[in-house]
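What follows is a single structure, written as structure tokens, with notes after it.
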Amino acid sequence: MDEALIQRIQNNPKFQELQHKKTSLSWLLSIVMLVIYYGLILMIAFSPKTLGTPLSAGSVTTIGIPLGLLVIISAFVLTGIYVRRANTEFDQLNRELIEETRQ
């Protein structure tokens, strides 16, 4: 790729906006996932009786099972949030950047 083209892209405000938005969203979603995951791990370490509490009297399913499933589901939800933003907002900025750079 031509160095002048690379420089034009990097100096474009839309590229900087795109880079900032992607980085901010990535960090936010990563932090949210880490808090969810390590929250469960800390609960396992410091409050195992809470996770071992049955959902209802006589039930063999404990509170830990749905909480573990919520951790897994939250990973899919957070990935979906990123994909949705990438396919709408980020792709639009990318198209605008390409159009401006071609001119």
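Points worth noting:
- Under Karplus coefficients 6.51, -1.76 and 1.60, residue-wise ³J(HN,Hα) of the stretch 61-72 in Hz, glycine/proline x: 7, 9, 4, x, 5, x, 5, x, 5, 5, 5, 5
- Maximal additional length on extending the Lys49-Ile31 stretch stands at 3.8 nm, based on 0.36 nm per residue less the C-alpha distance.
- For Lys14, the aspartates and glutamates whose Cα comes closer than 15 Å to its Cα, not counting residues fewer than 8 places off in the same chain, are Glu89, Asp91, Glu96, Glu99, Glu100.
- Pair Leu5, Thr101: separation of 7 Å Cα→Cβ label points (nm): 0.8 nm
- Each residue of the stretch 20-31 was assigned a 3J(HN,Hα) from its phi angle through the Karplus curve 6.51 cos²θ - 1.76 cosθ + 1.60 (θ = phi - 60°); the sequence is 5, 5, 5, 5, 4, 5, 4, 5, 4, 5, 5, 5 Hz, with glycine and proline shown as x.
- Translational D in µm²/s for the stretch 1-55 (Stokes-Einstein at 4 °C, 1.567 mPa s, Kirkwood Rh from C-alpha pairs): 88 µm²/s
- One way to sum up the overall shape of the stretch 2-92 is the equivalent ellipsoid from its Cα gyration tensor, whose semi-axes run 44, 13, 7 Å, largest first.
- Karplus-derived 3J(HN,Hα) values for the stretch 43-49, using 6.51 cos²θ - 1.76 cosθ + 1.60 with θ = phi - 60°, are 5, 4, 6, 10, 9, x, 5 Hz; glycine and proline are entered as x.
Read-outs: derived from the displayed coordinates by stated rules, not from any lab. Remember, it's a predicted structure, so these values are computed and weren't measured experimentally. Methodologically, a virtual Cβ is constructed for each residue, glycine included, from the backbone with ideal geometry; neighbour enumeration extends over all protein chains shown.
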